[in-house]
Amino acid sequence: MRGELSSEAYAERFDPQIEMIWRDRQTYPDFPQHLRGLPEFIAFAEQYRDGWIDLVQELLELSEVPGGRVLVLVRQSGRGRQSGVPIIIHFFQLCTIRDGKVNKIEYFRHRADALQAAGPSE
């Protein structure tokens, strides 16, 4: 998510039919809660990234869960481009991987909600 990574290089990691779903409707109230396809995904990523200075997303934990998915704990930090206010937030991504590319990302604020969505452990 840093500015030095081009949108095209970033997009190479994702399936052309990528889906992004925010399970908590209040996470980004000014954005659609469900995006589908690489063009929507890239447009969102660019718009989101433009709102921040020094935006960094760091992977803190990675766990395999049922259904060919991974659960990721992310730490995001940055400063608002207009306000200059610094933020540090943590959130969870439930990612579905198909043919080596991310096919679906579901966002959660809480681990318990992400684990419930992942389904029972085998």
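Taken together, the values in this text are just the output of simple stated rules run on the coordinates, not laboratory data. Quantities reported herein were computed from a predicted structural model and do not represent experimental measurements. Quick reminder, even Gly has a Cβ in these numbers, built from the backbone with ideal geometry, and neighbours come from all protein chains shown.
Quick notes on this structure:
- Top-ranked residue of the range 62-95 - restricted to ones that are more than 15 Å from the chain's Cα centre (by Cα), surrounded by 11 or more Cβ atoms within 10 Å (Cβ to Cβ) and among the β-branched types (Val, Ile, Thr), ranked as farthest from Pro120 (Cα to Cα): Ile87
- Answer from Arg49, Arg75 - the residue that is free of Cβ contacts under 8 Å to residues at least 40 places away in the same chain and among the basic types (Lys, Arg): Arg75
- Verdict on Leu59 being aliphatic (A, V, I, L, M) and either surrounded by 15 or more Cβ atoms within 10 Å (Cβ to Cβ) or touching a residue at least 60 places away in the same chain (Cβ under 8 Å) (or both): no
- Of all positions in the range 93-112, at least one carries a residue that is more than 14 Å from Met20 (Cα to Cα) and of a type in the set (A, V, I, L, M).
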